[in-house]
Amino acid sequence: MKLDNQQLKQAIFLLQNAKRLVVLTGAGVSAESGIQTFRDAQSGMWTTFDPMKLASQEGFAENPGLVWRWYMARLKMLGNVQPNPAHLALAQLQRQKTYFTLITQNVDDLHERAGNSAVLHVHGSIVSTHCNECGKIYAVSPAEMEDEQPPLCPSCAGKIRPSVVWFGEILPEKEMRTALDAVRNCDCMLVVGTSGVVYPVAELPSMARRSGAAVIDVNPERSPISEMADCFLQGKAGEIVPRLLV
Ligand code: BJW
Ligand code: ZN
C-alpha cells in the first residue's frame with residue numbers, strides 16, 4: 001500500500017479551495033473504530049453472513065429472529081465503540097466550511113458522536129426501529145433488545161424492524177433529495193471508505209464529476225471510485241483524513 005505524496009498535496013489543495021464540499025462515507029470510515037465492513041475479504045461481515053438472509057424483506061420474512069438478533073447484536077456493539085480520528089477530522093472539516101454536506105451509507109451514529117450535524121443517513125439508522133407493516137416509529141426497550149424474536153407493533157401487530165434500508169427498498173426520500181442537490185452543486189467530493197458497488201449511492205461520485213467537481217477517494221483498496229477519482233489516496237481513513245486538514 002503506497003500513499004502518493006503528490007496526490008496528497010493535490011487533495012489538500014482541492015479541499016482548502018472547495019467552496020461547496022460533499023463528503024461521502026461508507027463502512028471503511030468506521031472500520032478503525034472496530035465496526036466490521038461488509039465486503040472486505042478477510043474481515044467483512046458478509047464473509048460469514050449471507051446479505052440476502054439478513055438485509056432484505058425476504059430474509060426477514062423467512063427468519064425474523066435471526067435478522068432481529070443480528071441487528072440487536074450490532075446495536076449493542078455500537079455502545080462499546082468510539083469515533084476514530086477520521087470521524088473527528090470530518091467533524092472539524094464541517095466546522096471549517098460554510099457549505100458542507102455529509103452523506104453516509106453507514107447506519108451507525110459515529111459521525112454525530114464525533115460532532116458532525118445534519119448527517120444524511122441514506123441507508124437509514126440502526127439506532128431507530130419501526131413497524132415493518134404500518135411504519136410507526138417504536139423505541140426498543142433493553143429487554144426487547146435481548147429477545148429472540150422482534151417485538152410486535154402495539155397498533156397493528158406487525159413485526160418491529162431496524163430503520164435501515166435493505167436491498168430492494170427505496171432510500172429515504174428527503175435525505176436522498178438533499179444529497180442529490182448537494183452533489184449536483186458541489187465543487188469537491190471527498191469519498192471515504194466505500195467499495196462503491198451499492199446503487200444508487202455508487203453513482204454519486206460520477207454524478208459529482210459530471211457536474212464539474214473534483215473527486216478525492218480515500219481507501220486502502222482500489223475500487224470503481226478510485227478509478228474515476230482525480231486523487232486516490234491509498235490508505236486507512238484514520239491515518240489519511242486527519243492529514244487532509246492542515
Ligand atoms: C477502508 C478501511 C479503512 C476498509 N479506511 N477504507 C444490479 C445493478 C445495479 C443495481 C442493482 C442490481 N441489482 C440490485 C440492485 C440494487 C441494489 C444494489 O445496488 N445491489 C448491488 C449490490 C448490485 N440496491 C438496492 O437495492 C438499494 N435500493 C434501490 O436501489 O432501490 C430501488 C430499486 C428497488 C428494487 C429494484 C431496483 C431498484 C438499497 C441498497 C441498500 C443497501 N443496504 C445495506 C445494508 C444496510 C443495513 C445494514 O447495515 O445491515 O447498506 S448493504 C451494505 O452495503 C450497507 C452499506 O451501506 C452498503 C455499502 O457498503 P460500503 O459502505 O461500501 O461497505 P463495503 O464493505 O462494501 O466496503 C468497505 C470499503 O471500505 C472497502 O472498499 C474497503 O477497502 C474500505 N476500507 N478498511 C478506509 N480503515
Ligand atoms: Zn404497525
Original post:
Using modelled amide H (1.01 Å from N, peptide plane; none on Pro or chain starts), what sits under 5 Å from the amide H of N116, excluding residues fewer than 5 places away?
Top reply: none
Original post:
Relative contact order for the chain: what is it in percent, counting Cα pairs under 8 Å that are at least 6 residues apart?
Top reply: 26 percent
Subject >> Mean separation of Cα contacts under 8 Å (6+ apart) over length of the stretch 1-135, as relative contact order % >> reply: 25 percent
Subject >> Rule-of-thumb Rg ratio for the stretch 86-158 [Cα; 2.2 N^0.38 Å; N residues] >> reply: 1.44
Subject >> the stretch 153-193 - convex hull of alpha carbons, volume per residue in Å³ >> reply: 118 Å³
Subject >> Cα-Cα pairs of the stretch 1-57 separated by more than 13 Å (percent) >> reply: 74 percent
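Which whole-number percent gives the relative contact order of the stretch 104-246, counting Cα pairs below 8 Å spaced six or more residues apart?
Reported relative contact order: 16 percent.
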**OP:** With only alpha-carbon atoms counted, please give the Rg and Dmax of the stretch 1-135, in Å.
**Re:** 17.3, 53
**OP:** Express the Stokes-Einstein translational diffusion coefficient of the stretch 200-246 in µm² s⁻¹, to the nearest whole number, given a Kirkwood radius over alpha-carbon pairs, 25 °C and a viscosity of 0.890 mPa s.
**Re:** 218 µm²/s
**OP:** Work the Kirkwood hydrodynamic radius out for the chain: mean of 1/r over every pair of different alpha-carbon atoms, inverted, in Å.
**Re:** 18.7 Å
Original post:
Ranked highest first by average number of other Cβ atoms within 10 Å, how do 149-158, 124-133 line up?
Top reply: 124-133, 149-158
**OP:** State whether the stretch 143-246 is rounded, prolate or oblate according to the following rule on the C-alpha gyration tensor (a ≥ b ≥ c being the square roots of its eigenvalues): a/c under 1.5 gives rounded; otherwise a/b larger than b/c gives prolate, and the remaining case gives oblate.
**Re:** prolate
Subject >> FRET efficiency, 1/(1 + (r/R0)^6) with R0 35 Å, evaluated for K2 and F49 via beta carbons >> reply: 0.60
Subject >> Relative compactness, the stretch 80-204, computed as alpha-carbon Rg over 2.2 N^0.38 Å >> reply: 1.20
**OP:** Could you list the residues of the stretch 158-185 with an amide nitrogen less than 18 Å from a label point located 7 Å from the Cα of E144 in the Cα-to-C-beta direction?
**Re:** 158-165
Original post:
Using the Cα gyration tensor of the stretch 175-221, with a ≥ b ≥ c the square roots of its eigenvalues, what is the shape: rounded (a/c below 1.5), prolate (a/b larger than b/c) or oblate (neither)?
Top reply: oblate
Original post:
Which of K76/K159; K76/K236; K53/K159; K2/K53; K97/K174; K174/K236 have a Cα-Cα distance over 27 Å?
Top reply: K2/K53; K174/K236
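Bear in mind these aren't lab numbers, they're just calculated from the coordinates by the rules spelled out. These numbers were taken from a predicted model, which means no experiment stands behind them. In this analysis, Cβ positions are derived from the backbone assuming ideal geometry, glycine residues included, and neighbour counts consider all displayed protein chains.
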